[in-house]
Amino acid sequence: MHNLLETVFSHPAVRGGAKIAFCIGFFVLALVPLLVILERRISAFMQNRVGPDRVNLPFINRLGGILPGGLAQPLADAIKLLFKEDIIPSGADKFLYLAGPVLVLVPPALGMIVIPFGSNIGGEPLQVAHLGVGILFTMSVLSVAVYGLAFGGWASNNKWSLIGGMRASAQLVSYELSLGLSILAVLMLSGAMDPKGGTVDPRELVQRQADHGWNIFGGGNPWLLPAGLGGFLLFFISALAENNRLPFDLPECEAELVGGYHTEYSSMKFSLFMMGEFVGMILMCSLMVTLFLGGWSLPPLFGALNGANEWLAGGSILQGLVSVGIFVSKVMVLLLLYIAIRWTLPRFKYTQLMDLGWKRLLPLALANIAYVAVVGVAASGGQP
Amino acid sequence: MLFEWANVLVYLLVSIFFILGSLTLGRILRPHRPTPEKLSTYECGEEAIGTAWIQFNVRFYIIALIFLIFDVEIAVLFPWTTIFKEFKLLALLEILLFVGILVVGFAYVWVKGDLEWLKSIGEVKTGPAPGAPERAD
């Protein structure tokens, strides 16, 4: 039996398939419903309400009070959305109306494939595809998501949707610049302690952080600490705007735009928009963990955890699963921060949003790159 | 490397299959009883006035234009980050020149006021338009 499993899993197609199944099954199909219920329960908690606590899983039914109530709420929501009548407004452009939600959900899901979600199991790295372009692939598919929002807003032939779609496209492109520039800075920063220089390979990025220290703390070079922390803040703010989350949710603000680009969407198509938003959040948090927070590695804290990262990269099934657990818990912490921010801050005005993106974050991101470049050259003596 | 791209293709196909599958399942399960009122465009309960496919503000185009230039810059900078260690000062000076040109353009756009979202349209004339009929009330 054991030998049979080994033979089956020695084939690269089976390994690839297993990783694809885990990536879609866990990061998209399992984490999204969990986030939906978390968001609703946490918002209720922060606003001193009860929140959805009635729909429970059949048979196990809260395990005698251990589990919080309402865990099956997303399942009930999904069934309701599946049975709801789908209304396509008669004035809409049918093809683009369908393309909108698909283009919102597919790109962030596709962006997950270059993220290493664990160290390795038996030498097989836990990353769906090890592409030469690395992080650049995620950047490029992220840009496609703008089309989904713009198509959805325009094709509905509704004034609220159009305003929401236009706002979304202008906001997404504005914040993509500071997002891309802060990624550039961290790629350069990762080369500070390595003779080979910067890298776009996410697996290599995580390995270097495991060896030298997390990029948020300067990747092992104390001079780069401000660039690491500052770059993380820039990335985090831009990521909030890229996901249309409060305080940047102007494209869909319920109070003035009745939902913005998804005003005319109902039933499954609406749920695709919602899933796309949550998968986008998961992708952004995974990127943050990979680029800044050391991926699956533990921080080398004053030598106390020396050897822990070597153990995690050991390659047994247990070591692989623990590394996946560390990665997922870091992502969960960031996601909870996202949710807490959403229910804490009020919404910006559009003029404030544009000012922040173009006049504050973009110059700061450029300055961050210049700082990392100058420190990098100074540290290496400056001679070519 | 090619095998890794096969993973990408399979992943893409699986996610598209999942989306189309859930949409088809919904189509089989859900009712379909359209009425003209249901299919009308939502506009706060009023009859929709005109179409939404209108010319929108030119500011969105300007933002898109500035974005395009900076996005190209980012795409050019990506390979630079990987070889930057090799060429050191030379690479730094070259990229400073390249980014400097773009920053001059950015400063020009900023000074010209294209980054201001709120624009003054000059003094707004109040009172009835010339030639408008006197109001009865």
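The values are calculated or read from the model by the stated rules, or taken from the named source; none is laboratory data. Model, not experiment: these values are computed from the prediction. All Cβ positions, glycine included, derive from the backbone under ideal geometry; neighbour counts span all protein chains shown. Just so you know, the surface numbers come from the protein's heavy atoms only, side chains and all, with ligands and any DNA or RNA stripped out. Shrake-Rupley method; radii C 1.70, N 1.55, O 1.52, S 1.80 Å.
Structure values in brief
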| item | result |
| --- | --- |
| Reduction of at least 20 Å² in accessible surface, 1.4 Å probe, comparing all protein chains with the chain by itself, residues of region A:23-44 | A:ILE24, A:LEU29 |
| Nearest-20 debye value, the protein assembly as shown charge dipole, Cβ charges on Lys, Arg, Asp, Glu | 660 debye |
| Pairwise label distance in nanometres, B:PHE87 with A:ASP93, each label 7 Å out on the Cα-Cβ vector | 4.2 nm |
| Net charge, A:MET166 excluded, C-beta distance under 12 Å - Lys, Arg +1, Asp, Glu -1 | +3 |
| For B:52-61, mean number of other protein chain Cβ atoms within 10 Å | 4 |
| Viscosity 1.002 mPa s, temperature 20 °C, Stokes-Einstein D of region A:131-284 from Kirkwood C-alpha radius, µm²/s | 127 µm²/s |
| Geometric extent, Cα atoms of region B:56-116 - Rg, Dmax (angstrom) | 14.5, 48 |
| Alpha carbon centroid spacing (whole Å) that separates region A:3-24 from region A:195-242 | 32 Å |
| Rounded to the nearest 20 debye, dipole of chain B from Cβ charges on Lys, Arg, Asp, Glu | 360 debye |
| Surface/4 of the Cα convex hull for region A:1-101, nm² | 12.1 nm² |
| Stokes-Einstein translational diffusion, chain B - Kirkwood Rh over all Cα pairs, 0.692 mPa s, 37 °C, in µm²/s | 142 µm²/s |
| Set of aspartates and glutamates near A:LYS94 by C-alpha distance (under 20 Å), chain-local residues within fewer than 8 positions excluded | A:GLU85, A:ASP86, A:GLU264, B:GLU37, B:GLU43 |
| 10 Å Cβ neighbours from other chains, averaged over peptide A:213-226 | 0 |
| Sites A:VAL374 and A:PHE26, calculated FRET efficiency, Cβ-Cβ separation with R0 41 Å, nearest 0.05 | 0.50 |
| Other protein chain Cβ atoms within 10 Å, averaged over every residue that makes up A:269-281 | 1 |
| Debye log10 I(q)/I(0) at q = 0.09, 0.11, 0.14, 0.15 Å⁻¹ for region A:96-379, Cα point scatterers | -0.44, -0.64, -0.99, -1.10 |
| Efficiency of FRET from Cβ geometry, A:ALA340 and A:LEU229, R₀ 30 Å, rounded to 0.05 | 0.90 |
| Share of carbon and sulfur in the accessible heavy-atom surface of region A:1-100 [1.4 Å probe, %] | 69 percent |
| Region A:31-133: trypsin sites (Lys or Arg not before Pro) falling in loop per DSSP and having at most 15 other Cβ within 10 Å | A:ARG49, A:ARG54 |
| Formal net charge of residues neighbouring B:ARG27 (Cβ-Cβ distance under 15 Å; K, R +1; D, E -1) | +3 |
| Peptides ranked, highest mean first, by Cβ atoms within 10 Å: ranges A:311-318, B:35-42 | A:311-318, B:35-42 |
| Spin-label zone in region A:317-331 - amide nitrogen under 18 Å from a point set 7 Å from the Cα of A:ALA18 along the C-beta vector | A:317-325 |
| Estimated FRET transfer efficiency when R0 is 30 angstrom, pair B:LYS112-B:ASP71 (beta carbons, to 0.05) | 0.90 |
| Where Rh is the Kirkwood radius over Cα pairs, Rg/Rh for the protein assembly as shown | 1.00 |
| Ordering of B:96-109, A:146-159, A:22-35 by packing [mean C-beta count within 10 Å, highest first] | A:146-159, A:22-35, B:96-109 |
